[in-house]
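Comments concern the structure below.
What follows is calculated from the coordinates using simple rules that are stated; it is not laboratory data. The structure displayed is predicted, hence computed values, not measured ones. Glycine also receives a Cβ, built like all others from the backbone with ideal geometry; neighbour counts cover every protein chain displayed.
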Amino acid sequence: MNLRIFTAALFLMAGLLTFSSCDKDDEEIREQIENNITKGTWRITNFDDSGTDKTNNFDGYNFTFTEAGVVTATKGAMSHVGIWSVTDGDEDNDVLDDLDFNLGFPLLGTDFDDLNDDWDIFVQNSTKLELTEVAGLETDLLTFTKN
């Protein structure tokens with residue numbers, strides 16, 4: 001698939017999902033998550049991909065999340081740009097209410113490709129965002145910690 005088409009599709013998906021309806025509690029939590037994540041820079045302190053520790057693949061990267069839904073991972077002069085959003089979950093078993101934290105990097109075949117998912121929010125506060133994804137018998141865990 002053409003990289004431009006893939007990127008455009010990701011932005012369109014994020015935009016459409018952002019306008020999904022949710023109840024008042026979910027809306028307050030969504031706003032809290034969005035407010036927290038857009039303040040400062042973040043790093044990945046844990047990434048367990050179905051039992052394989054891939055945390056070191058992101059050593060040195062600082063993640064910046066903008067209010068416009070853009071995420072930039074920077075390491076020295078290198079940077080990778082993707083999209084992020086908080087949306088209504090598509091399952092009734094989401095850990096924190098019914099919200100998902102969506103990540104999309106158009107870097108297929110890279111370590112960043114492993115981050116692309118609609119993550120369930122396990123824990124969130126002003127210094128930590130813990131995410132999980134269960135698919136069949138496999139569980140992925142992803143933790144962002146504020147710098």
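Values as computed for the structure displayed
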| read-out | value |
| --- | --- |
| Residue list for segment 125-141, filter: assigned to a strand (DSSP E or B) and under 20 Å from Asn35 (Cβ atoms) | Lys128, Leu129, Glu130, Leu131 |
| Filter result for Phe122 (out of contact with any Gly (no Cβ under 7 Å at 6 or more places or on another chain), assigned to a strand (DSSP E or B) and in contact (Cβ under 8 Å) with a residue 60 or more places away in the chain) | no |
| Segment 35-94, subset assigned to a strand (DSSP E or B) and aliphatic (A, V, I, L, M), residue farthest from Glu138 (Cα to Cα) | Met78 |
